[in-house]
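Okay, so here's the structure we're looking at.
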């Protein structure tokens, strides 16, 4: 049973392994190396350095060392207070550290000989004092987006397993077999698989790992087989129900909390020095993200700005205006901490139905657009019109936001092949369920599981416009957002530290925050599950506001 | 700071390829930021700066990997690397732990370096190194994400290594077809080499057979200041001061460097005479300031009648094996491959092919004569 199309890996899995290949960089890196002149060996170590810049980086490293030796006081400050960004871009990391020193360091003796080429390097480079260029970390101008993808391997499948007994492994086998039958259209075989699996489920450890989540996947598969792919009725729960489940998911595990405080930190920094700010939240829910930001703005040196919040959410069916209710509560909080605050609700059943004029953005305001797990819903394409994602990204850009914070599931659940999607989802959600085990509070945990279960059902049993959970990994979002005219704002070591510390407060051991090319990911047992990033529109001088 | 330090910087640059120099200097400077004078460690910044890569169950250059939680209690993860085989050219996602099929499959339990404080099993440099080991030795590699100092002192790292050894030894799917046993090697660089030694020690009385130890620039030390430490202090990326810091961070509080964890054949050490200790391959870099301790370790093994092969790489610095851009790298990988495969049945032809591997052009007739002559 062949599961993976080796062609998608660029022919790198021809199946032959040769002992002599240890000195060659893998094919993917080789291709990019010739295009971009990136040193392939350093890329394998996680660093992106142009071969043509190696010598310059080496010189800068020497200067940095000299500076560190000469001013130990600065060194300890460098160690504790400095915010570091994007360590993969070695050249800019070294430069940013160099700029932290109060005086340009005295230059050591020249780099005499390049051991590789045996050429003598011109020593002028050393003795010429380079201009001291302090960098504004917030808006580091960054190399082209094509460099972003140097180190990420597309078509990556991350699997974390725990010790499983045999029947657990059999269950996985059968799930894969069933999914493969579904992909082939052999529904009768798929159905008998389902029956076998139901039987096996009673004998498997359903406390953790694959066993725990298998039941949900079996349900989703049977939904798909018996109700067809439009049968996303599990998603037809009322908005109210969804909000309850969301709230319990928020409480039971740190993913949403991580999303909120990472986005808030970035928004807070972006709003620094601005007096009129406007946050557009793509999915207000209970407004859980905003009290913390309001309080942080209240406490900022120089006083809080005027804060406007526009919350987008589904219309309430029963005549209630739930958006307005949330807005009122937030307004009360803002009043209690002396932050001038205005709220506006925009009711829309789908994000693509929102038009920029509805947000009433004032040209004098600094805008932050906040999207927590919303953008992927726009990826279902309708071949008759512009894809919704492009439309939405385009009007976001037209608002010229100071920052756009994006948090998305770090998963490849939008692949065209059903089996690939199924496999990825199986591993993603079993890891997520595993992490939920650490939560012992009920009913948080049970309802959180239902929340996740709905996602699973959507990924597995729906297609077309019904399938909204179209998660894509960070590497794809980078390409997409860069292509739409956005450039990354890097999340630095301060955001990283905050996330790490809050995790130890809130959650069990096993969660890990990682830095990935200027973005932060939160995962369980070395598997990233959610990714947070920040963006700004690339200015092209033609920023326009909606009429 | 005088002329001599500048001269040393130049010497250093001349013995390593440029990209290796950049990599190791980057580590050196970053690590300077992480070690605090009071003995604490800036773990958040360390994890932020460390370049990590996820496991990948899809084949890349004939190797796939996945992470396994070996011990829930300590959150002990290991990354397993497996080679694609002729019978199984594409890994089946439902059967990552499918039994190995060859007559003999070496299983290398690898302990990454980092002086007990830095790096992880999913650090990019070690992920890359382990993948190379798989291709080189046709082995399964199990890279252990052991707990680190100073948050977790001795003996946590050894405990985790021991847990991993027991786990590997009890996996039916890692048993070689020939004898239904797991063919285990312990390997590690820097602190990982130290861990390999101590885990092998623990294995002795337990009945778990370790076929060999591979120690790359293993981290050992002692109270005394040896000649190499004095001569090479600060010359090739490493200072005595940082070495001292790491030992203080790992060893129990109040202990000195003659503690047997640091100095296994020192005043508090134990002789291995008469003990069934695995054969060892010890690689020592000639420009590593702790080489006197590493050479003393080799002597200690020899004196106890243990089988040990020393590979002394004269012009090599620490970390030379991280990037395959030097001759030292190929010599070492060659030796590792021979060390691991010498326990399996090999035809003369296979042995020849092993040697030919890294070479670009070869005089076959000449080689044959060497083998048969």
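The values are calculated or read from the model by the stated rules, or taken from the named source; none is laboratory data. Keep in mind that this is a model prediction, so the values were computed, not measured. Positions of Cβ are backbone-derived with ideal geometry, glycine not excepted, and every protein chain shown enters the neighbour counts.
Some notes on this structure:
- Residue in the stretch B:69-84 that is assigned to a helix (DSSP H, G or I), within 10 Å of another protein chain (Cβ to nearest Cβ), in contact with a helix residue (DSSP H, G or I) (Cβ under 7 Å, 6 or more places away or on another chain) and more than 30 Å from residue A:78 (Cα to Cα) present: no
- Flag if residue A:92 is buried (at least 18 other Cβ atoms within 10 Å of the Cβ) and more than 10 Å from every other protein chain (Cβ to nearest Cβ): yes
- Against the conditions (1) surrounded by fewer than 16 Cβ atoms within 10 Å (Cβ to Cβ); (2) at pLDDT 95 or above; (3) under 26 Å from the mean Cα position of the chain (by Cα), residue A:311 satisfies every one except (1).
- Residues within the stretch B:46-62 that are modelled with pLDDT under 95 and not in a loop (DSSP other than H, G, I, E, B), tallied: 1
Table: residues versus (1) in contact with a strand residue (DSSP E or B) (Cβ under 7 Å, 6 or more places away or on another chain); (2) under 18 Å from residue B:193 (Cβ atoms); (3) at pLDDT 95 or above.
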{"position": "B:97", "(1), (2), (3)": "no, no, no"}
{"position": "B:101", "(1), (2), (3)": "no, no, no"}
{"position": "B:104", "(1), (2), (3)": "yes, no, no"}
{"position": "B:108", "(1), (2), (3)": "yes, yes, yes"}
{"position": "B:111", "(1), (2), (3)": "yes, yes, yes"}
{"position": "B:117", "(1), (2), (3)": "yes, yes, yes"}
{"position": "B:124", "(1), (2), (3)": "yes, no, yes"}
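- Residue in the stretch A:108-129 that is at the interface with another protein chain (Cβ under 10 Å from one of its Cβ atoms) and modelled with pLDDT of 90 or more present: no
- Residues located in the stretch B:218-232, provided they are farther than 23 Å from residue B:187 by Cβ and either touching a residue at least 12 places away in the same chain (Cβ under 8 Å) or not in a loop (DSSP other than H, G, I, E, B) (or both): B:222, B:223, B:225, B:226, B:227, B:228, B:229, B:230, B:231, B:232
- The sole residue among B:300, B:286 that is away from chain A (no Cβ under 14 Å) and either at pLDDT below 95 or touching a strand residue (DSSP E or B) at 6+ places or on another chain (Cβ under 7 Å) (or both) is B:286.
- Just so you know, in the stretch A:58-73 the residues that are facing chain B (nearest Cβ under 7 Å) and closer than 17 Å to residue B:31 by Cβ include one that is modelled with the lowest pLDDT, and it is A:69.
- Residue B:140, sole failed condition from (1) farther than 20 Å from residue B:36 by Cβ; (2) surrounded by 24 or more Cβ atoms within 10 Å (Cβ to Cβ); (3) in contact (Cβ under 8 Å) with a residue 40 or more places away in the chain: (2)
- Failed item in (1) more than 27 Å from residue A:169 (Cα to Cα); (2) in contact with a strand residue (DSSP E or B) (Cβ under 7 Å, 6 or more places away or on another chain); (3) in a helix (DSSP H, G or I), with residue A:431 passing the rest: (1)
- Of the numbered criteria (1) under 20 Å from residue B:156 (Cα atoms); (2) facing chain A (nearest Cβ under 9 Å); (3) under 21 Å from the mean Cα position of the chain (by Cα), the one residue B:111 fails is (2).
This table checks each residue for (1) at pLDDT below 95; (2) surrounded by 24 or more Cβ atoms within 10 Å (Cβ to Cβ); (3) touching a strand residue (DSSP E or B) at 6+ places or on another chain (Cβ under 8 Å).
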residue	(1), (2), (3)
B:180	yes, no, no
B:184	no, no, yes
B:207	yes, no, no
B:211	no, no, yes
B:223	no, no, no
B:226	no, no, no
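Listed here are the residues, each with its yes/no results for (1) at negative phi; (2) surrounded by 22 or more Cβ atoms within 10 Å (Cβ to Cβ).
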position	(1), (2)
B:263	yes, yes
B:267	yes, no
B:286	yes, no
B:292	yes, yes
B:296	yes, no
B:303	yes, no
B:319	no, yes
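- Unique residue being more than 23 Å from residue A:84 (Cα to Cα), surrounded by fewer than 23 Cβ atoms within 10 Å (Cβ to Cβ) and more than 14 Å from chain B (Cβ to nearest Cβ) when the list is A:452, A:456: A:452
- So residue B:13, is it in contact with a strand residue (DSSP E or B) (Cβ under 6 Å, 6 or more places away or on another chain) and at the interface with another protein chain (Cβ under 7 Å from one of its Cβ atoms): no
- Scope the stretch A:374-419; condition surrounded by 21 or more Cβ atoms within 10 Å (Cβ to Cβ) and within 14 Å of chain B (Cβ to nearest Cβ); matching residues: A:410, A:411, A:412
- Across the stretch A:324-362, the qualifying residues are those that are part of a strand (DSSP E or B) and within 28 Å of the chain's Cα centre (by Cα), and the one among them that is nearest to residue A:292 (Cα to Cα) is A:343.
- Evaluated against (1) more than 10 Å from chain B (Cβ to nearest Cβ); (2) surrounded by fewer than 18 Cβ atoms within 10 Å (Cβ to Cβ), residue A:38 falls short on exactly one condition, (2).
- Within the stretch A:510-524, at least one residue is within 12 Å of chain B (Cβ to nearest Cβ), free of Cβ contacts under 8 Å to residues at least 40 places away in the same chain, within 30 Å of residue B:122 (Cα to Cα) and buried (at least 20 other Cβ atoms within 10 Å of the Cβ).
- Residue in the stretch A:331-338 that is buried (at least 22 other Cβ atoms within 10 Å of the Cβ) and within 20 Å of residue A:368 (Cα to Cα) present: yes
Conditions tested, residue by residue: (1) in contact with a helix residue (DSSP H, G or I) (Cβ under 6 Å, 6 or more places away or on another chain); (2) under 25 Å from residue A:159 (Cα atoms).
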position: A:421; (1), (2): no, yes
position: A:442; (1), (2): no, no
position: A:455; (1), (2): no, yes
position: A:495; (1), (2): yes, no
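- Count - residues of the stretch A:181-225 that are touching a residue at least 24 places away in the same chain (Cβ under 8 Å) and on the phi > 0 side of the Ramachandran plot: 1
- When we screen B:32, B:42, B:26 for residues that are crowded, with 23+ Cβ neighbours inside 10 Å, within 8 Å of chain A (Cβ to nearest Cβ) and touching a helix residue (DSSP H, G or I) at 6+ places or on another chain (Cβ under 8 Å), the only hit is B:26.
- Criterion violated by residue B:134 - all others in (1) under 26 Å from residue A:43 (Cβ atoms); (2) touching a helix residue (DSSP H, G or I) at 6+ places or on another chain (Cβ under 9 Å) satisfied: (2)
- Among the criteria (1) more than 9 Å from chain B (Cβ to nearest Cβ); (2) farther than 22 Å from residue B:132 by Cα; (3) modelled with pLDDT under 85, the one residue A:33 does not fulfil is (2).
- Condition met for residue A:27 (within 9 Å of chain B (Cβ to nearest Cβ) and modelled with pLDDT of 95 or more): no
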